[in-house]
1. Being within 25 Å of VAL518 (Cβ to Cβ) and in a loop (DSSP other than H, G, I, E, B) is the requirement here; does ALA635 meet it?
2. Restricting attention to region 593-617, which residues are within 28 Å of LEU633 (Cα to Cα), charged (D, E, K, R) and either touching a helix residue (DSSP H, G or I) at 6+ places or on another chain (Cβ under 7 Å) or assigned to a loop (DSSP other than H, G, I, E, B) (or both)?
3. Which one is surrounded by the fewest Cβ atoms within 10 Å (Cβ to Cβ) among residues in region 551-592 that are touching an Asp or Glu at 6+ places or on another chain (Cβ under 8 Å) and in a helix (DSSP H, G or I)?
4. Is one or more of the residues making up region 161-178 buried (at least 16 other Cβ atoms within 10 Å of the Cβ) and among the basic types (Lys, Arg)?
5. From the set of residues in region 37-61 that are outside any helix (DSSP H, G or I) and of a type in the set (Gly, Ala, Ser), which is modelled with the lowest pLDDT?
6. Given (1) in contact with a Ser or Thr (Cβ under 9 Å, 6 or more places away or on another chain); (2) assigned to a helix (DSSP H, G or I), where does THR620 come up short, assuming only one miss?
7. Only one of these conditions is not met by VAL521: (1) in a loop (DSSP other than H, G, I, E, B); (2) within 52 Å of the chain's Cα centre (by Cα); (3) β-branched (Val, Ile, Thr). Which number is it?
Amino acid sequence: MQIVSALRSFLELDVTPDSDGVQATRRSNLRRLRVFSVVFLLILLPGLVWNFLRAPEYRATARVQFTAGIDVPRADAAPGGGDGGQADVLTQVQVLTSRPLLDKVARVLASGGFPLAAGDPAAQLQAMIGAEPVEGTGVIELQAIGPRPELLAAALNTLIEQYKEEMKASFGAAASEGLTRAREEAASLSKAAIERRARLDAFRAKNGMLSSERDENDAVARMKGLSGSLSTATEKLAVAEARLRALKESIASGKWGSQPKDDPTLAGMETRLSQLREEYRDLERTYTPAFLNMDPRARAQRSRITELERQIESQRAGGQQAALAAAQEEVSSARATAEQLQAQITTQRASVQNFSQRFVQAKALEDDLAQIEKAGREALERLTRMEANEHSRLPSLSLVEAANVPQSAFRPDYVRDGLSVLGLAFGLGLLSIWFVELFNRQPPAKAPLNTTVIIPQPWGVPGMPQGMLAANPIASLPPAGAALAAGLLPGSAATLRELRQDELAALLAAAPGEARDVVAVLLLGLSTEEALALRRADLDAAAATLEVGGAAPRTIPVPAWLLRSLTAAERTPDAALLQGAGGAVLSVADVQSMLACAAFDGGLANAAGITPEALRHTCTAWLVRQGLRFSDLAALVGRPNAEDLSVYAGLAPAGPRKSAAEIDVLMPALRSVEG
């Protein structure tokens with residue numbers, strides 16, 4: 001009773017008027033629970049009823065092994081009989097489930113006390129019994145599925161017995177017929193082989209074919225000899241023509257002369273000329289030219305030298321003509337030989353073509369004879385095996401495993417299907433809750449109107465003189481922007497977007513040049529007005545820090561890459577630290593435009609919602625999530641107001657708070673730019 005009472009109080013929820021928000025939440029929970037319960041029960045109860053009302057089915061199995069006889073393989077069967085044996089097993093699978101055999105099984109079952117339901121008994125058995133061959137073996141697995149376990153085992157065992165009887169009757173009658181066909185086939189193939197061999201021998205004798213090899217016949221051998229001789233004659237003709245052409249070119253250029261070793265007469269004349277020239281040079285060394293001109297012996301010797309030179313030149317001219325005539329005669333002889341061989345090849349080619357045609361016909365007759373002889377040998381081998389053992393020709397069916405009466409149900413699986421129904425009901429219940437809540441969305445809660453925000457006055461900030469209020473243009477902002485100008489965090493931190501570190505890295509990577517410096521400064525926790533008010537003198541390059549002035553003065557560290565980027569250009573101490581292209585002065589609109597362009601270029605989701613306030617909020621959330629003391633926020637990002645402080649309090653981790661020196665002030669996205 002206590003459990004029922006507690007469940008009833010939970011369903012009714014005992015709404016107490018403590019606040020409107022609590023009542024709305026409880027009403028929403030009650031609606032969800034009612035919707036889920038109704039859908040869950042509407043699916044679960046019918047599903048369970050359907051599951052457990054299904055009649056159980058049983059399965060009985062049996063295994064038999066089929067062995068084909070030796071006369072089963074055919075002449076076109078694959079070597080080894082592997083494919084043919086598997087095909088025979090598949091054939092027997094079809095026979096086992098054939099309608100004529102199942103009709104006999106139904107009659108035997110009816111006579112044995114297992115009658116089937118009214119209707120077509122063969123069709124009922126076909127729906128009940130199935131046969132599948134076991135891969136790679138000759139075993140056939142039989143299975144019967146139905147609601148009557150005794151009938152299943154009796155049907156399978158009766159089917160096996162009836163099939164054995166049918167197989168013996170059919171194959172026994174066909175045994176003698178198969179043996180007769182095998183003898184007739186062997187005799188017919190032997191007669192065909194004798195006829196084709198006689199036809200082949202007559203064809204060879206008629207056409208003068210001495211051998212079945214092509215190169216061993218006269219016509220082909222003669223053609224090969226003529227072709228070799230023609231190649232040799234052609235080479236000799238080419239060599240003779242080259243020698244004649246070289247001889248003519250040498251004679252035309254005057255560089256050719258008969259060699260003394262080839263002409264004995266020319267050799268003797270040149271030897272005599274050399275002796276006369278040597279004797280005359282001896283006289284020239286002994287006597288003066290004038291005396292030699294008067295000496296009759298010297299003049300006679302010069303005359304003999306001149307005459308001998310003329311004879312040598314005449315002898316060389318005769319040698320040139322003789323060599324040229326010999327070369328021309330050699331060319332003519334080689335050309336005549338080649339032409340004669342070519343004519344003989346042309347005459348022989350016609351006879352070779354005729355021989356090739358007859359040779360192809362002879363090869364076709366040989367192939368035909370080889371196929372007939374092969375088929376005859378195979379037929380004779382089958383006949384011999386069949387005659388050797390007539391009983392081995394008959395196929396056999398041996399029982400491997402008989403069918404037994406099943407003791408447990410084969411299907412359905414009540415537990416599995418019940419769990420499936422339970423899961424389906426649970427999932428549809430959750431889906432119905434989502435569907436109902438889709439049309440019952442509550443409007444967003446409005447911020448309380450009685451929130452008090454205390455804005456510190458500029459004169460309350462230590463170190464800020466009273467005259468600075470008039471000198472600083474930010475101090476003259478309207479009240480709506482006074483909080484930002486005073487260094488306070490925006491008053492809508494609950495609605496601002498907090499960016500992930502990968503989004504910040506993509507934003508910095510997409511921002512070019514000066515825009516990246518602006519984004520990085522905003523990620524250090526500065527407002528737009530504070531960033532635009534920075535001067536070159538506020539950057540301490542030695543300490544790598546940035547002095548932020550205004551209503552919330554503070555010193556913050558700067559990444560090394562940002563320090564190098566800000567000090568790259570030479571600027572005066574009073575110049576603005578953040579400038580546009582060409583040193584242009586930036587405005588608040590320029591900063592927002594740079595940030596929007598970088599967000600769109602970086603492919604960030606909801607890029608239009610990324611504002612300078614969102615970057616400052618991201619920096620503050622990063623510090624708070626590390627456990628920074630809230631009192632140290634003013635020294636890094638400014639003072640949060642009361643409303644934002646309640647938002648950031650929900651982001652702080654449990655445990656003791658840490659000082660600024662104990663945490664990492666710079667976000668990983670700012671450090672990743674260095675790499």
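The values are calculated or read from the model by the stated rules, or taken from the named source; none is laboratory data. This structure is a prediction, so every number in the text was calculated from the model and none was measured. All Cβ positions, glycine included, derive from the backbone under ideal geometry; neighbour counts span all protein chains shown.
1. Working: within 25 Å of VAL518 (Cβ to Cβ): yes; in a loop (DSSP other than H, G, I, E, B): yes.
So ALA635 passes the test.
2. If the condition is that a residue be within 28 Å of LEU633 (Cα to Cα), charged (D, E, K, R) and either touching a helix residue (DSSP H, G or I) at 6+ places or on another chain (Cβ under 7 Å) or assigned to a loop (DSSP other than H, G, I, E, B) (or both), then ARG616 is the only one that fits.
3. The qualifying residue surrounded by the fewest Cβ atoms within 10 Å (Cβ to Cβ) is ALA581.
4. no
5. We begin by selecting, within region 37-61, every residue outside any helix (DSSP H, G or I); these are 53-61.
In the following step, the residues that additionally are of a type in the set (Gly, Ala, Ser) were identified as 55, 60.
Working: ALA55: 84, ALA60: 89.
Only one residue fits best here, namely ALA55.
6. Every condition holds for THR620 apart from (1).
7. Of (1) in a loop (DSSP other than H, G, I, E, B); (2) within 52 Å of the chain's Cα centre (by Cα); (3) β-branched (Val, Ile, Thr), only one is false for VAL521: (1).
This table checks each residue for (1) in contact with a helix residue (DSSP H, G or I) (Cβ under 7 Å, 6 or more places away or on another chain); (2) loosely packed, with under 14 Cβ neighbours inside 10 Å; (3) hydrophobic (A, V, I, L, M, F, W, C).
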| site | (1), (2), (3) |
| --- | --- |
| THR91 | no, yes, no |
| THR97 | yes, no, no |
| LEU101 | yes, no, yes |
| LEU109 | yes, no, yes |
| PRO133 | yes, no, no |
| PRO149 | no, no, no |
| ASN157 | no, no, no |
